[in-house]
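Written out below as structure tokens is the structure these notes cover.
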């Protein structure tokens, strides 16, 4: 029984700290709390704050419709704000030029040029492809405050952003691989991406 309790606590600890503060950047306890104060909203993070958005998300579906559109893992991450296990996503190893799109809508989110090795086990970027591509939301779950990152087309969960990334932004957008689709430069885009870009040609990425 004791071993079972320890095992459950270990699983919970892994889940709570998933995509958390980079251990190399843990200088003090203040790094674990990210209050979305005026400084944050005036330019510390890159994105749109959810409570400052004008209008609703463009892509809105019922829970059953989302389940039909997404795989089980995608639904868990994107619509239930889940977290994949560290070091399990093939997108961790991506280095070739290309674009990372939302697996929910096909919206462009990040490019390989801003991707870096964070050592956390999740695909990490120092900035999104455009500040309007992601929505930021204060997340107070599990007894800590983090900044959640959503795609701006549907409000689907992507991961979290932390202020311990490399220059030039000093940010680390720690994303779930299952929340994204990667298309290398020169490769044919999947139907989801084509449909999104046909509807939003102004967002077509240049790489």
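Just for the range 163-182: of the residues that are farther than 17 Å from residue 131 by Cβ and either within 13 Å of the chain's Cα centre (by Cα) or modelled with pLDDT under 95 (or both), which one is surrounded by the fewest Cβ atoms within 10 Å (Cβ to Cβ)? Selected residue: 181.
Among the conditions (1) touching a helix residue (DSSP H, G or I) at 6+ places or on another chain (Cβ under 8 Å); (2) under 17 Å from residue 135 (Cβ atoms); (3) buried (at least 20 other Cβ atoms within 10 Å of the Cβ), residue 49 misses just one, which is (3).
For the range 187-207, the set of residues classified as modelled with pLDDT under 95 and either surrounded by fewer than 10 Cβ atoms within 10 Å (Cβ to Cβ) or closer than 18 Å to residue 69 by Cα (or both) consists of 206 only. Exactly one residue out of 56, 65 is surrounded by fewer than 20 Cβ atoms within 10 Å (Cβ to Cβ), without any contact (Cβ under 8 Å) to a residue 24 or more places away in the chain and assigned to a helix (DSSP H, G or I), and it is 65. Residues in the range 56-74: is at least one within 14 Å of the chain's Cα centre (by Cα) and either modelled with pLDDT of 95 or more or within 20 Å of residue 199 (Cβ to Cβ) (or both)? Yes, the range 56-74 contains at least one residue that is within 14 Å of the chain's Cα centre (by Cα) and either modelled with pLDDT of 95 or more or within 20 Å of residue 199 (Cβ to Cβ) (or both).
Counting only residues that are more than 19 Å from residue 154 (Cβ to Cβ), in a loop (DSSP other than H, G, I, E, B) and modelled with pLDDT of 95 or more, the range 124-142 holds 2 of them.
The values are calculated or read from the model by the stated rules, or taken from the named source; none is laboratory data. Since the structure is predicted, the reported quantities are computational estimates derived from the model, not experimental observations. Positions of Cβ are generated from backbone atoms using ideal geometry, with glycine treated the same way; all protein chains shown enter the neighbour counts.
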